[in-house]
1. Filter segment 52-78 down to the residues that are assigned to a helix (DSSP H, G or I) and open to solvent by 80 Å² or more (accessible area, probe 1.4 Å) and list them by number.
2. Under 6 Å by Cβ, and 6 or more places apart or on different chains, what pairs join a residue from segment 50-75 that is more than 20 Å from residue 117 (Cβ to Cβ) and at pLDDT 80 or above with one that is not basic (Lys, Arg) and not in a helix (DSSP H, G or I)?
3. Return the pairs, sorted by first residue and then second, in which the second residue is open to solvent by 70 Å² or more (accessible area, probe 1.4 Å) and not in a loop (DSSP other than H, G, I, E, B), the first residue lies in segment 175-197 and is under 13 Å from residue 136 (Cβ atoms), the beta carbons are less than 6 Å apart, and the residues are 6+ apart or on different chains.
4. So, in segment 92-127, how many residues would count as being under 20 Å from the mean Cα position of the chain (by Cα) and outside any strand (DSSP E or B)?
5. Filter segment 13-47 down to the residues that are assigned to a helix (DSSP H, G or I) and modelled with pLDDT under 60 and list them by number.
6. Checking residue 209 against (1) among the β-branched types (Val, Ile, Thr); (2) in contact with a Phe, Trp or Tyr (Cβ under 6 Å, 6 or more places away or on another chain); (3) assigned to a loop (DSSP other than H, G, I, E, B): exactly one of these is not met. Which one?
7. Limited to segment 175-190, what total is found for residues that are outside any loop (DSSP other than H, G, I, E, B) and not β-branched (Val, Ile, Thr)?
8. Return the pairs, sorted by first residue and then second, in which the second residue is assigned to a loop (DSSP other than H, G, I, E, B) and open to solvent by less than 80 Å² (accessible area, probe 1.4 Å), the first residue lies in segment 201-215 and is free of Cβ contacts under 8 Å to residues at least 60 places away in the same chain and at negative phi, the beta carbons are less than 7 Å apart, and the residues are 6+ apart or on different chains.
Amino acid sequence: MKKIKQTMMALLGIVAMTACSSGGNSSENCMVFGEVPAIYADYQAQREKIEESAQKSAADYEKASSQIDELNEEYRAKIEEAGKKLDGQPIEITPDEDFNVVSPVNLSFKEFANRMSSTYDVKGEIVTAKDINLDVTDSWLKSHDVQYLMLPLMLIGCDEQGAEVTSVRIGSIKGFKVIDGKLVLPAGTKADLETTYYGDNEYESYVRVKSVKLALDTEKLE
């Protein structure tokens, strides 16, 4: 009897783990976007269940459509509440040699971009800590007017091993110069912080983030 009871408890544990894996724990706080990724994952899991039930008949479809409208309203309220908790909560950015966080960076809920995707004003102040030299070819320099060059500033989330698992644009930076035939971003250049966005089911990535760093997106220079 004891062995049967232990087996049943183990099976219940597996069921519980399976249920949790279908969505996020809505109280789980990620380093970036706080509780929002987990709530969004819960929403997606619930919506998928409703959509599966709608494949049987027209009546089921109408019922599911109404349920999804109610779900959207419920989870929009949850996402907005979680988003507003981010205001004034600094993101712990790992110091590096390229950027200096003059004023703590945090996200402030702004609005919904569409039905469920939320936007956030990025607050704080970031400047370059030194002259940043960027590798470009001579032909690239000759074919571009760098006074108009602007590169995205990215907030990179890394896992325990330091591997990049998330990336979101939080601003842009300009003020590049050509010095001794090299492309340079001078020390003290201030980044223009912008509005960022969360609207994809990236909970499994964001929950793995253990450190956050800043980086320039240099794709335009290739």
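1. 52, 61, 62, 63, 69, 70, 73, 74, 76 - these are the residues of segment 52-78 that are assigned to a helix (DSSP H, G or I) and open to solvent by 80 Å² or more (accessible area, probe 1.4 Å).
2. Listed pairs, sorted by first residue: 64/54.
3. Within 6 Å, the pairs are 182/133; 184/133; 184/177.
4. Summing the residues that are under 20 Å from the mean Cα position of the chain (by Cα) and outside any strand (DSSP E or B) in segment 92-127 gives 8.
5. Those that are assigned to a helix (DSSP H, G or I) and modelled with pLDDT under 60: 13, 14, 15, 16, 17, 18, 19, 20, 21.
6. Every condition holds for residue 209 apart from (2).
7. Result for segment 175-190: 5.
8. Within 7 Å, the pairs are 208/159.
The values are calculated or read from the model by the stated rules, or taken from the named source; none is laboratory data. It should be emphasised that the depicted structure is a prediction, and the values quoted were computed from it without experimental measurement. Ideal geometry is used to build each Cβ from the backbone, glycine not excepted, and the neighbour counts take in all protein chains shown. Heads up: the accessible areas ignore ligands, DNA and RNA and are worked out on the full protein's heavy atoms, side chains in. Shrake-Rupley method; radii C 1.70, N 1.55, O 1.52, S 1.80 Å.
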